[in-house]
1. Can you pull the one-decimal nm distance between simple spin-label points at Phe139 and Glu120, each 7 Å off the Cα toward Cβ?
2. About the Cα centre, and with charges only on the beta carbon of Lys, Arg (+1) and Asp, Glu (-1), how big is the dipole of region 1-80? Nearest 20 debye, please.
3. Taking +1 at the Cβ of each Lys and Arg and -1 at the Cβ of each Asp and Glu, which of Gly108, Thr80, Cys132 sits farthest along the dipole of region 44-140 towards its positive end, judged by Cα position relative to the Cα centre?
4. Quick check: residue separation of Ala100 and Asp146 times 0.36 nm, minus the Cα distance between them. What number comes out in nm?
5. Modelled label-to-label distance, Ser5 and Ser157, 7 Å Cα→beta-carbon offset: nm?
6. Cα-Cα pairs above 21 Å in region 77-157: how many percent?
Amino acid sequence: MPHLSCDNRAKAEAIVACYPQRRSALIPLCHLAQAQDGWLTPAAMEEIAELVGCTPAEVRGTASFYDMLHTEPVGRHVVTVCTNIACMLAGAYEVLDHAAAALGISVGETTADGEFTLEEAECLAGCDNAPCVQVNHRFFGPLDPDGFDALAEDLRSGRLADKVPAHGILSRVDRSVGLPGKAARSGTGARAAGSAAGQGSGSAAGPETGAGPE
């Protein structure tokens, strides 16, 4: 029985069709499955493997390489605090320590109600808003401890639902354009080669009268 919903199964097959090689769709399918469940379940990885023509172990091996993909359950809101140099100098460790105390968890843990997972990141590329925090890959900052408390309350109450969807939903826009298929690319290449050959022949043969060099 498919793990993906009927709608997501149709989206998955459409995503696979965007690529000349099925395996190229592996990471986009991981994001699709994570959007459905909030993390990559074993059942989802098995279905992805079937769709792209590889083994579930290869799906897990790929997914486990990337921080944005989770192969274990996480909270509805994944809160990531940057502690790289710009954020560190602006008080990132104070924000991180306060977040851990306020949520009652350590880095890498999830609250008992499943609402928050706390992470620490080396760099989120938001140095102009240090200390920078991401929630489900949406940026917030600069934040101090009081600002974190306000953010956590807004997230818990749902006041930021329009800006911050549940974890796993990377984009709310469905992809509709992909790379041309192998047959289409081959045809385009053949037409281009024929055109180039024709131009070359015309140049060598002279005008369209067919007169050539003596």
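1. Result for the modelled spin labels: 2.3 nm.
2. Dipole magnitude for region 1-80 comes out near 140 debye.
3. Of Gly108, Thr80, Cys132, it is Cys132.
4. Answer, rounded to one decimal: 15.2 nm.
5. 2.8
6. Taking all Cα-Cα pairs of region 77-157, the fraction more than 21 Å apart is 15 percent.
Read-outs: derived from the displayed coordinates by stated rules, not from any lab. On a predicted model such as this, the values are computed, not experimentally measured, just so you know. Cβ coordinates were reconstructed from backbone atoms using ideal geometry, including for glycine residues, and neighbour counts include every protein chain displayed.
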